[in-house]
Amino acid sequence: MSETATLDDLVAAKAEADGFVRTRWWWIRHAPVVVDGGRIYGQTDLPCDCSDARSFAGLAALLPRNAIWITSHLARTHQTARAIWTAGNFDPAPEFIQDKDLAEQHLGDWQGLDRREFLLNRNQAPDSFWYATADERAPNGESFVDLLERVGGAIGRVTQAHPGRDIVAVTHGGTIRAAITLALGLEPRGGFAFMIDNCSLTRLDHYQGQQNAGWRVKTINQRP
């Protein structure tokens, strides 16, 4: 057993001994969207490409079997979850809870615009490369700060409903960046520094005690 694995086990054992309840969040970004035509899609309900069976088999091998499954309301998360179950021979197939608060950032009037043209005409920095600054709200849409509030509410609600469980959340790149930002206590802009690939795994463990709570980061953007 590696030193890292041993330390992780010790942290979990010590937390349990001290009365903390560990709820493990297994975040997965949906499979690639290839029918967007190079356009910004945000919360547009587009299907994803689930042809890479090896990726789904790799994810299935990493995931716990007795877990709560949760997705957003968008079809690409449902398709990805089902592809993982098929590749991993989940029998019976789990049911998933749909939560609209775990959807991608709503990019409002920018949805449908040419992505390349839009980005090349925006002021960007390497550590904050996104469609807008964290506090800039898309016309008739959301800012990343809005997304943080929405996702944070959902995480708190689901963690409270299923304490001590494994929660597999098949969601979106922006949603997972928001979860990382909240877990690490970063300024909103800090979330943009993380790359979240399609079909990647991010593990964030929530520890709830009698008087305080905190997060431990197991892995970010792990490719199966």
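For segment 13-32, filtered to residues that are outside any loop (DSSP other than H, G, I, E, B), in contact (Cβ under 8 Å) with a residue 12 or more places away in the chain and touching a Lys or Arg at 6+ places or on another chain (Cβ under 9 Å), the residue that is nearest to Gly108 (Cα to Cα) is Trp27. The one condition from (1) aliphatic (A, V, I, L, M); (2) buried (at least 19 other Cβ atoms within 10 Å of the Cβ); (3) under 18 Å from Pro64 (Cβ atoms) that Leu182 does not meet is (3).
Listed here are the residues, each with its yes/no results for (1) charged (D, E, K, R); (2) more than 25 Å from Arg223 (Cβ to Cβ); (3) at pLDDT 95 or above.
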| residue | (1), (2), (3) |
| --- | --- |
| Arg157 | yes, yes, yes |
| Ile167 | no, no, yes |
| Ala178 | no, no, yes |
| Thr181 | no, no, yes |
| Leu184 | no, no, yes |
| Asp197 | yes, no, yes |
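Scoring Pro47 on the criteria (1) part of a helix (DSSP H, G or I); (2) surrounded by fewer than 16 Cβ atoms within 10 Å (Cβ to Cβ) leaves a single failure, condition (1).
Residues are listed down the side, and each one gets a yes or a no for (1) assigned to a helix (DSSP H, G or I); (2) of a type in the set (A, V, I, L, M, F, W, C); (3) touching a helix residue (DSSP H, G or I) at 6+ places or on another chain (Cβ under 8 Å):
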{"site": "Thr86", "(1), (2), (3)": "yes, no, yes"}
{"site": "Pro94", "(1), (2), (3)": "no, no, yes"}
{"site": "Glu104", "(1), (2), (3)": "no, no, yes"}
{"site": "Arg116", "(1), (2), (3)": "yes, no, no"}
{"site": "Leu119", "(1), (2), (3)": "yes, yes, no"}
{"site": "Asn140", "(1), (2), (3)": "no, no, yes"}
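In segment 71-108, the qualifying residues are those that are in contact with an Asp or Glu (Cβ under 6 Å, 6 or more places away or on another chain) and not polar (S, T, N, Q), and the one that is farthest from Pro224 (Cα to Cα) is His106. Picking from residues in segment 185-195 that are without any contact (Cβ under 8 Å) to a residue 60 or more places away in the chain and not acidic (Asp, Glu), the one that is surrounded by the fewest Cβ atoms within 10 Å (Cβ to Cβ) is Gly185.
Being at positive phi and either touching a Phe, Trp or Tyr at 6+ places or on another chain (Cβ under 9 Å) or of a type outside the set (S, T, N, Q) (or both) is true for just one of Gly174, Gly108. Which residue is that?
Values: Gly174 fails: at positive phi.
Matching residue, one of Gly174, Gly108: Gly108.
Of all residues in segment 137-167, those being more than 30 Å from Leu63 (Cα to Cα), surrounded by 13 or more Cβ atoms within 10 Å (Cβ to Cβ) and in contact with a Phe, Trp or Tyr (Cβ under 8 Å, 6 or more places away or on another chain) number 2.
Residues that are crowded, with 17+ Cβ neighbours inside 10 Å and free of Cβ contacts under 8 Å to residues at least 24 places away in the same chain within segment 122-136 comprise just one, Ala132.
Restricting to segment 121-174, give me the number of residues that are touching a strand residue (DSSP E or B) at 6+ places or on another chain (Cβ under 7 Å) and under 21 Å from Thr77 (Cα atoms). I'd like the intermediate steps shown before the answer.
Going residue by residue through segment 121-174, those that are touching a strand residue (DSSP E or B) at 6+ places or on another chain (Cβ under 7 Å) are 158-159, 162-173.
Add one more test, that the residue is under 21 Å from Thr77 (Cα atoms), and what stays is 158-159, 162, 165-173.
Total satisfying the criteria: 12.
Among the numbered criteria (1) more than 20 Å from Ile176 (Cβ to Cβ); (2) in a helix (DSSP H, G or I), which single criterion is violated by Val35? Single failed check for Val35: (2).
The values are calculated or read from the model by the stated rules, or taken from the named source; none is laboratory data. Note that this is a predicted model, so its numbers are computed, not measured. Positions of Cβ are backbone-derived with ideal geometry, glycine not excepted, and every protein chain shown enters the neighbour counts.
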